[in-house]
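Let me begin by presenting the structure, written as structure tokens, before commenting on it.
Each reported figure results from applying straightforward, stated rules to the coordinates on display, with no laboratory input. Just so it is clear, the structure is predicted and the values come from calculations on it, not from any experiment. Cβ coordinates were reconstructed from backbone atoms using ideal geometry, including for glycine residues, and neighbour counts include every protein chain displayed.
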Amino acid sequence: MLRKKSPNGVVKGKVSEDDLEEAPSFKVLTLNLKMGHARDMLATLDKQAIASLLEERMNQLVKHLLSLRERIDDTTSKVFVTGDLNAGKSTFCNALLKRRVLPEDQQPCTSVFCEVADASDNSGIEEVHAVPVGVQYARGDETTYQVFQLADLEELVGECDKFSILKVYVKDRRAADQSLLHNGTIDIQLIDAPGLNMDSYQTTEVFSRQEEIDLVVFVVNAENHFTLSAREFIAAAANEKNLIFIVVNRFDNIKNKERCVRRIMDQVHDLSPATHKDASDFVHFVSSTQALEGVPEGDDGPPEGDDHEPNPDFDRLEESLRKFVLEKRSLSKLSPAKNYLLKLLEDLEVLARLNEKMYAQDKEEMIQELNKIAPIYASVLKSSVKVHERINKLTEDTASDVYRFTKQKILETLDDIGEAPVVPYYGLQYLYDYANETQKEITRKIMESVAVGESYAKKQTTQTVERIGEMGAEALGGESAPKKVFRDDLMFTRKRDTIRRSLDDTIIITDFFDPSFDHFFNAIGLTGLSLSALGLQIPTITLPSVNSLSIPKKDQIVLWKNSLSIAAVYSTGKLLHAGSMVNKFVSASLFVSGRFIRSAAIPVVLLSGVVFVGYLVYDVPNAFARNVSKKIRQQVIDLEYPHNNADRVAKECRAVLNHPTRDVLNAFQTSIDKTTIQKEKISKIVKDADISYTYFHGLLEKVTREKKTVESFDLEAIQSV
Ligand SMILES: Nc1nc2c(ncn2[C@@H]2O[C@H](COP(=O)(O)OP(=O)(O)OP(=O)(O)O)[C@@H](O)[C@H]2O)c(=O)[nH]1
Ligand SMILES: [Mg+2]
């Protein structure tokens, strides 16, 4: 079957003009398409349609081969007399019978097939069996025909609506060596067919009955030469019958006989070369009416013996016919079968060779396609792994960077807070608010540092998303993932854990005091003054921090946890616990100074006490800020807040970056899938082409072998039966 391939190698079910040009024409395998349109039509049909037409044709061929075999097995020989209307077919049959059995007329006359056989086939009785249309004739079954006399033929030959076949049984009393029907060797049936006429139903019948006949005698009117119908019939018959008898009748009417012979022979040469080659045996210029001269008018029964007028041309024709049908029976019987088989095998050879070549080419081309696809596939796979690795690294780098930055920011904030009040201080009576606000502000600052980390993370993530997109586009080219809009405002939308909830916001009394010399000097206006600056040597004494005052836990006074009022704060004696500081100061002075100090100790101590208490009260906001921030910092560190938050931010970055990564990987997967599908599709075509190639290769071998066998039969050498 012919197919057209598209440039991408996918087989299309259409036949191109080029294929048709290349394809040699078939002899018997031609498809049943309207004449003249075959080429155009074939080009528009798809593979399936052509296949079904071909299958139909194959079925017809098988049927024909079976009928050929039947014909060989059949001991009778059927001589089929056909030709144009009014060419003198019936007259010619009568001339062969030497008896005016079949009606002759100048008008179109015979419209029913008349099959003339020897009366011995009908128990010696001369009669006509008229077989009604649609009935299968069986001589032994009288229901299959109506019986008439020979004289009724005049009427019967025109009744084509009623009868399809007229079986005419006649007696031929001529000697066996002269008679065609009564030859003593084989049964012969002489079939007088209706005249060919382009449009008539009978003509179609004539064409179809070719299958069951052994020899065609084509009667052509010498005055008209070959008509279009005649040419078509001979061309169709030539498929199997390379030898056709051509009877150029009514030759008596031709004046310039030589010119007529020349013209006819030229035409025969084109129509049936084999016939032309053996023209002396197969082409006869005769006059049937002259051959009938001496034969009485009407159907008076057969003449006794051979008493007809000598007619050399007709006699030669009869002799050739008898020789071909009787003596060279093997040739006349087997030649159509051999001829037909050879033509069919030649067609099959062409078909097999063409397809074998085409499938081999298909296979080759598709293998090349596969070879082209394989490296593409491998490179996409490789680049997908590479890009995935690069994207993973980029994501990891971004996450680490974001982690580092966020943690750094939180730690910096923790370092920064605490040295100075973070909210305004409005005096002791607002101490509660101050304490509360301070705590809030410190936590807000920490939270703010987390927010700074988050917005840095957003910026970095946005950049990385773009970079991932670019990396995908670079690696995939046109196949990149569809561009999506990245919205960093949707990051970190979950409510942040407020740090305050995790912190112990209990405020104890000591949170408000954090005396130190530096702060003290600062407080009394001696900024930058220290003991060392004064030249005092107090090597072992430092001001203890409030936290180090060793207040037992149980003794710590919780101020706002249990909602004690400010008054309560101040009324508690524990507050004065800080006074121990003064005691220490006094005792320390004992080691420090000389007589002056000792004598002045009491007033100085008293004054110092007052100043120091003043300092302590004055330093409350700073001390609280310092203590709370220290406490919070410690808790924040203990809670691993910087790490946890930085880790949370980094994790979200990673999670967000997973999306574009997945998009790029999906695009890779799509590209890989596409290539895989293409690969599978082409592999299937290769496999199919291989199966087809193997089939046609085998067919070609078989056909070539069979053809040799058929050719080897020398029909001429086979003895007649
Ligand atoms: N001159 C001359 N006339 C002939 C010859 N053969 C037949 N005719 C005449 O041609 C006419 C037609 O003859 P038929 O035998 O009926 O022709 P046909 O081919 O059977 O005609 P259809 O059956 O109608 O197709 C008749 O009048 C015949 O007498 C011939 O050899 N010479
Ligand atoms: Mg006739």
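Computed values, structure above
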| item | result |
| --- | --- |
| Label point distance in nm, residue 408-residue 155, each placed 7 Å from Cα along Cα→Cβ | 12.6 |
| Shape category assigned to segment 94-134 from the gyration tensor of Cα positions, a/c cut at 1.5 | oblate |
| Neighbour-count order for 129, 64, fewest beta carbons within 10 angstrom listed first | 64, 129 |
| Too-long pairs where the Cα-Cα distance tops 22 Å, listed order kept, from 27/241; 372/674; 98/277; 393/458 | 98/277 |
| Segment 74-327 - percent relative contact order, Cα under 8 Å, separation 6 or more | 26 |
| Anisotropy class of segment 102-162 from Cα gyration tensor, a/c 1.5 cut | oblate |
| With eigenvalues of the C-alpha gyration tensor scaled by 5 and rooted, segment 74-327, Å | 27, 21, 17 |
